[in-house]
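S.K.: To start, I am sharing the structure in question, which I have written as structure tokens.
The values are calculated or read from the model by the stated rules, or taken from the named source; none is laboratory data. Nothing here was measured: the structure is a model prediction, and the numbers come from that model. Here the Cβ positions follow ideal geometry from the backbone for every residue, glycine too, while neighbour counts run over all protein chains shown. Areas reflect the complete protein model, heavy atoms only, side chains present, ligands, DNA and RNA absent. Shrake-Rupley method; radii C 1.70, N 1.55, O 1.52, S 1.80 Å.
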Amino acid sequence: MFGRVKLVKFENMVMLNLSDELNKKGRSLIMGNVLVIAMMFLVAVWYYSILPEIIPTHFGFSGKPNRYGSKDTILIMPFLFSIAQLTFLIMFKFRFRMWRYLNVPIDLSRLDERKRAIAVNRYFELLLKFSLGLGLGLLLLEIGSFECMRIGRLVWWFYLLLFPIFFLIIPFMISYSKLNEELKREL
């Protein structure tokens, strides 16, 4: 499904295709993302089985519930929280068609196909790392939300679950800058 680059001649054009193999790092990032998505759904199903029929669906500033609804509404959350990861996985699948849309400071079209494929893989693996971190943060947020619904009030530690998601961008930008510098040196 996701694979390394295989060059194929097609009407005097060299096109990039995917084979069945991918390096160990790429495979583990894909599996990690898929596992987090599966965990989001499993957690929702588990909480669905233990929550009462009517649950708090919104909390006020005081932490007390101010809106109630059916527990069926919690089944929407894993779908919403997994959209970002699914998008990154789809982008990774079609990365050799989408590399031209990468906003990178390096002109990848100047590279030969093999080096371009390596550079594209490195950029998209970085995006998969970001996606995995985002998915883990959203999974914790989902668990925290369900736990607040179970308890019936917004607990103080729920707000702490928001910070990892916001601070995820800093290590991503540092890694992105380092990757750009490495690839510039290689050129």
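S.K.: In the set [x] 18.6, 70; [y] 16.5, 59; [z] 20.9, 68, which value of Rg and Dmax of the Cα atoms in Å was calculated from the structure you see?
M.R.: The value matching this structure is [z].
S.K.: With a 1.4 Å probe and all protein chains kept in place, how do S82, S49 rank by accessible area, largest first?
M.R.: S49, S82
S.K.: Can you check what the net charge comes to around E53, using other residues whose Cβ is under 12 Å from the Cβ of E53 (Lys, Arg +1; Asp, Glu -1)?
M.R.: 0
S.K.: Please give the residues of region 69-111, grouped as numeric ranges, whose backbone N is less than 15 Å from a label point set 7 Å along the Cα-to-Cβ vector of Y48.
M.R.: Within reach of a label on Y48, which here means backbone N under 15 Å from a point 7 Å along Cα→Cβ, region 69-111 contributes 70-82.
S.K.: 222 nm [θ] for the chain, helices only, -39500 (n - 2.57) per DSSP H run of 4+, per residue, to 500?
M.R.: Here the helix-only value at 222 nm equals -19500 deg cm²/dmol.
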